[in-house]
Every structure is written in structure tokens, then in C-alpha cells.
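The values are calculated or read from the model by the stated rules, or taken from the named source; none is laboratory data. In this text, all values refer to a predicted model and were calculated from it rather than measured experimentally. Backbone-built Cβ (ideal geometry, glycine too); neighbour counts: all protein chains shown.
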Amino acid sequence: MGVFSDKLTEPLAQVLGNLGVKHAFVVHGEDGLDEITTTDKTRMSELKEDKVKTYSISPEEFGFEKANKKDLIGGTAEENAKITINILEGGKGPKRDIVLLNVAAALIAGNKSEDFNDGIKKASEAIDSGAAREKLEEVKKTSIELYRS
């Protein structure tokens, strides 16, 4: 979960624990983004086994170059859809890097990865194999079917 203030990461992680969540990250990028960022360090409060641990990570720890915030800017819904498709078709660069870091965190929280390096590897494999794009098409098809029914 991303938050707009670094002061909220720990309290919200504790709230998630009180609500019964077993494993989660509450994050705030030092650049102001409410997600794990690749332009600066990210403050992370990790809830795991009823304990909250707060630390910072940086993109360089995982082999990513520090990005420029302007390289992450999206646009209209149509432009963002094109960006998403480009990433899912194997496009490289800062937008893919930030996706990989955030997906890695989701995989860890969902107990599908042990750590960020493993999560990044799994996310990369899902994209590069076409599995992530296939999943998007499944979701798209289901959404259309539900809309029509």
C-alpha cells in the first residue's frame, strides 16, 4: 500500500495487522510517490508475523539505475494503456523497472517470493514469457463479458 507521507507507513502497517493482514508493505518514496520508487529511496514498513519493521531500499540495491521522475510520467488513459502494453511486451527502461520492484513487493507479501531479488526475477520471467500479457487479456475478456451480462 502506498501512502502520501512517510509518517504514515508504520501506523498504517499496524492498522493492517490489527485488521488481520498477515504480510504487507506500506511504502512512501522519498520523491513523493506513493509507491516503491526508482528515483530515490523508498521508506517501507513491512508487516510480517504481527511485527512491523521499517527500513529503506534504493533501486541500486537491485541492479536498477536511478530513474528521473520525468521518465516515469504517464499520460491519458490511452497513453497509459500503451505504456502498459509496451512493458508487457518486453519493453525495457525506467517504467518497467518501477513495475518490477512493485510487483516483487506484491509477490513477497503474497508469499510467492522469498525476497526482492526473487520477486524481480519472477516478475521479469512473467513479462518476458508472455504470461503477464496473457493474464491481462484474460482479465480484459472477463471484464467485457461481465459488462455485457
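List the pairs whose first member sits in region 53-80 and is more than 13 Å from Gly29 (Cα to Cα), whose second member is aromatic (Phe, Trp, Tyr) and outside any loop (DSSP other than H, G, I, E, B), and whose Cβ atoms are under 9 Å apart, counting only residues at least 6 apart or on separate chains? From region 53-80, the pairs are Glu61/Phe116; Phe62/Phe116. Filtering region 107-130 to residues that are more than 26 Å from Lys22 (Cβ to Cβ) and aliphatic (A, V, I, L, M) leaves only Ile127. Checking Glu60, Glu134, Glu145, Glu79 one by one, the residue that is exposed (fewer than 11 other Cβ atoms within 10 Å of the Cβ) and in a helix (DSSP H, G or I) is Glu145 and no other. Within region 7-49, being touching a Pro at 6+ places or on another chain (Cβ under 9 Å) and among the acidic types (Asp, Glu) holds for one residue alone: Asp40.
Put simply, of Gly63, Gly110, Gly74, Gly119 the only residue that is within 17 Å of the chain's Cα centre (by Cα) and at pLDDT below 95 is Gly74. Of everything listed in (1) out of contact with any Lys or Arg (no Cβ under 7 Å at 6 or more places or on another chain); (2) within 20 Å of Ile36 (Cα to Cα); (3) among the hydrophobic types (A, V, I, L, M, F, W, C), the single unmet condition for Ile85 is (2). Any residue that is buried (at least 17 other Cβ atoms within 10 Å of the Cβ) and part of a loop (DSSP other than H, G, I, E, B) - is there at least one of those in region 82-95? Looking for residues that are buried (at least 17 other Cβ atoms within 10 Å of the Cβ) and part of a loop (DSSP other than H, G, I, E, B), one finds none in region 82-95, hence no.
Rundown of residues vs (1) buried (at least 20 other Cβ atoms within 10 Å of the Cβ); (2) aromatic (Phe, Trp, Tyr), yes/no style:
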{"position": "Phe4", "(1), (2)": "no, yes"}
{"position": "Lys7", "(1), (2)": "no, no"}
{"position": "Leu19", "(1), (2)": "no, no"}
{"position": "His23", "(1), (2)": "no, no"}
{"position": "Leu33", "(1), (2)": "no, no"}
{"position": "Glu65", "(1), (2)": "no, no"}
{"position": "Asp97", "(1), (2)": "yes, no"}
{"position": "Glu114", "(1), (2)": "no, no"}
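Looking only at residues in region 104-149 that are touching a residue at least 24 places away in the same chain (Cβ under 8 Å) and among the β-branched types (Val, Ile, Thr), the one that is farthest from Val26 (Cα to Cα) is Ile127.
Does Leu101 count as touching a residue at least 40 places away in the same chain (Cβ under 8 Å), in a helix (DSSP H, G or I) and surrounded by fewer than 20 Cβ atoms within 10 Å (Cβ to Cβ)? The answer is no for Leu101.
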